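Shown next, in structure tokens, is the structure this report addresses.
Derivation of every value follows stated rules applied to the coordinates shown; laboratory data play no part. Everything numeric here is computed off the predicted structure, so don't read it as measured data. Backbone-built Cβ (ideal geometry, glycine too); neighbour counts: all protein chains shown.
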């Protein structure tokens, strides 16, 4: 709630560079998550284009490969720039990476497929509206999984 109060107190009409810097520092994790999420989406589209149009790989296989590329990109950028993960050793990094991929698979099955199918086939909600709603759900679910499971910071005991 303290962060919301800071947002309300900002003089948006007279925003200065110092204010922008303070806001970035305060909301760095979320801002970086959105930025690198957008870049991961770009990686997905560009790699799909390369696999499907340049290398003429089947569209479904290209889609799977581009998903893998974008999730790998998201893992690396989330680890370094968003959640500042300090895993040490090959074994820890592999475990963290696998849990990241599994979390993305779970959110994909629950939201991208499951909730989308429920909204379109059962509730008869427009497919575009359903897609937008489920994508928002995916972003939120991925953030929660990443913050509280994959890149969870260990509490230092005093």
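Compared with the direct C-alpha span, the chain from residue 11 to residue 109 gains 31.1 nm at full extension, assuming 0.36 nm per residue. Axis of helix 59-77 versus longest Cα principal axis of the chain: the two differ by about 20°, to the nearest ten degrees. Look at the alpha carbon pairs under 8 Å that are at least 6 residues apart: their mean separation over the length of the chain gives a relative contact order of 19 percent. Can you give the angle from 0 to 90° between the axis of helix 90-107 and the longest principal axis of the chain, with both taken from C-alpha atoms, to the nearest 10? With rounding to tens, the tilt is 70 degrees.
Note on 12, 67: ascending count of other Cβ atoms within 10 Å places them as 12, 67, the fewest first. A full extension of the chain between residue 153 and residue 4 corresponds to an added length of 51.3 nm, given 0.36 nm per residue minus the alpha carbon distance. Taking 76, 46, 122 as the candidate residues, the one with maximal mean-square fluctuation in a Gaussian network model of the chain, Cα springs under 10 Å, is 122. Comparing mean-square fluctuations of 114, 64, 89 from a GNM of the chain with C-alpha springs under 10 Å, the top value falls on 89. Annotation: extensible slack from residue 72 through residue 49 equals 6.6 nm (criterion: 0.36 nm per residue apart, minus Cα-Cα distance).
The Kirkwood hydrodynamic radius of the stretch 17-84, based on inverse pair distances between different Cα atoms, is 13.1 Å.
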